[in-house]
1. What is the extension gain from residue 54 to residue 275, computed as 0.36 nm multiplied by their sequence separation minus the C-alpha to C-alpha distance, in nm to one decimal?
2. Between the helical axis of 130-141 and the dominant principal axis of the chain, each derived from Cα atoms, what acute angle in degrees is found, rounded to the nearest 10?
3. Counting other C-beta atoms within 10 Å, which of 75, 111 has the fewest, and how do the rest follow?
4. Are there chymotrypsin sites (Phe, Trp or Tyr not before Pro) in the range 430-506 that DSSP marks as loop and that have at most 16 other Cβ atoms within 10 Å, and which are they?
5. Please report how far the C-alpha centroid of the range 124-154 lies from that of the range 401-441, rounded to the nearest whole angstrom.
6. Considering only DSSP beta bridges where both residues belong to the chain, give the percentage that are antiparallel (nearest 5).
7. Could you name the aspartates and glutamates in cross-link range of residue 271, using Cα to Cα under 20 Å and dropping any fewer than eight places away on the same chain?
8. Identify all lysines with a Cα-Cα distance to residue 5 below 16 Å; exclude those on the same chain that are fewer than 8 residues away in sequence.
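Nothing in this text is a laboratory measurement; each read-out follows from the coordinates by a stated rule. Just so we're clear, the structure is a prediction, and the values are computed from it rather than from any experiment. Quick reminder, even Gly has a Cβ in these numbers, built from the backbone with ideal geometry, and neighbours come from all protein chains shown.
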Amino acid sequence: MAKIKIDPERRIGSVDRRIFGGFIEHLGRCIYGGVFEEGSSLSDSHGFRSDVLDAARTLRIPVLRWPGGNFVSGYHWTDGVGPVEQRPRRMDLAWHTEESNRFGTDEFIEYCRSLGTEPYICVNMGTGTMDEAQAWVEYCNGTGDTYWANLRRRYGHEEPYKVKYWGLGNEMYGRWQIGALSAEDYAKKAIEFAKVMKWTDPSIQLVGCGENGWSEWDRIVLEELSPFVDYHSLHIYTGSNDYYRNVFMPHQAERALNICQAMIDSVRYRKGIDHPIYVAYDEWNVWFRERGTESGLEERYTLADALAIAAFLNIFIRHCQTVRIANLAQLVNVIAPIFTNREGLFLQSIYHPLRLYAEHVQEAALDISVSSDTYDLREDKVASWPHSVTELELSRPYRVADLGPFKLLDVTATCDAHGHELMVAVVNRDRERDLATTIELVDAVATSGIVAYEVNGGDPSVVNSFEHPQSVDVRESRMDVDRERLDCFEYTFPAHSVTILRMQVG
Ligand code: AHR
C-alpha cells in the first residue's frame, strides 16, 4: 500500500501564482485564428475570440509572455503599432511565413487587460538593436514628454502600460535562433540592453536568457548577467511515444532546478549580489509529435500528456523557492490546451490539470513524505534509448539521473496560510494498476468531507477532439471521512490519473 504523510506545519515556502503563466507567439494559428480573429462572429470588438478568452480566463493566467519565442528574434515592434492598414507585411524568417502585424503591442496590452493578466514582453536580441529595446520600454511605460511615450499617446493610449516583465532575448544559444550568439557575446550584449532598459524605467524586472539550467551557457550567463537581472529563464519540452518515458520525463526539470539554484547561489555569494534571482520557466510543455512538420505545431494531446503536465506543475510547486514564473508554451492551437476552428473550440487533455491546479493550489507548499512503488526506465524493455531521434533528444541528451527509479505516485500538497484548507495533488503514473494509498495527517484532522477531482479517460492514449471533446475529462466526487479516523484515511488513485483532493483541516 502506498502512503502519503502530510504535516501542514512543515512548509517548503510560498507558491508563486505566476507559475500558472501563459505564452502566445506569432506562430501558426496561435495569434491569428486563435487569440485574434478579425471578422469572426465569435470575436469581440477588438477582434479577440471571446470563446478563447473565456476558456483562457478559467486558467487564471497571471502573466502572459509575448511575442515569441523564435519569432521575436526577427520582430521589429514598431511595425506593429499605429494605424493597422499602414502596418507593413513582413517575412517571418523564424517560422518561414508572413506576418501581417495586425496584432501588435497595443493589441497585446488590450488582450492582457481582457484576460486580467500581466504582460511580459520578450525583446528582439537577434536583429533588434539596443535602441529598439529601449524605445519599446519607453513606448510602453514612458511618462515623460518624450518621443516614444508621446507616440503611444498619439495612438490613443494616454496612460502608460506599466509592463513590468521584460525578457532579454529568446533562446539566443540555439543555432535555430536568428542572430544566435555565444554565451560570452550574449552576456556582453544583454548587459548593455539591460542598462538602457532599466534606465528608461527602473521599476521593470528583467529576465536573462538561460538554456536548460545545467549547461555551460547557463553558467556563463549567470556569472556575467546576474547583477543586472531578476530572473534566469529556462525552457523545457519533453515527450515520447513510450508511455512511461512520457510521464517521467518532466523530472528533468527537477534536475535542472537543483543545478540552476546551486549556480545562482554560488554566483550571488561570490559576487555579493543582494537582490534575488529566480528561475522563470518561461517555456515548458510536452512537445514531440509536431516537430519539424508543417502542421504549425498543432500537437494533439493524450491523457498521458496530461499526466506529464501535472508532474511539471508538481515540480514547480516543490521548487517554489526557485521557480517564481512559468509560462506554458503556448495558449491556443500551437502546442496548446485550447484548440479552435472557425466555428468553436475544444479543450485538450492538458487543459484539465492546468485548470484544476490554478483553481485549487493554495499558498504554502508542504514538505510531505511519500512512499510508493517505483518504476525504473533503465529496466525498460520497450526499445533502446532514445525512442525516436529528434533534434531535441540529440541536443538535450538524457542522463542516467533522469531514468529513475521514479515513484509511481507523484504528489504535492499545499495549504492556505492558516493551515485550514488542504489540497493534495496526486499523479498515478501506473499504466495498469489503481494504487490504494493511506493518507495520514500529522497533528491535524480533516474537518470536512473530501472532494476529489479526477482527470482520466479510457486509456492513456486517448485525445480530445471536436467530435469527442470529453474523452479526457474531470470527474468530481465526494467522500465522507470516517469520524473515528479523521487523521488517516484511504484513497485509491486510479491507473493513469491526476487527482486533486480538497479538504478542510484543523
Ligand atoms: O514554443 C515554440 C518554440 O519553442 C519557441 O518559439 C521557441 O522559443 C522554442 O524553441
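1. This chain segment gains 75.8 nm when fully extended.
2. Helix 130-141 sits at roughly 70 degrees to that axis.
3. 111, 75
4. Listed in order of number, the matching sites are 466.
5. Value for the Cα centre distance between the two parts: 47 Å.
6. 60
7. 184, 192, 216, 218, 223, 224, 230
8. 407
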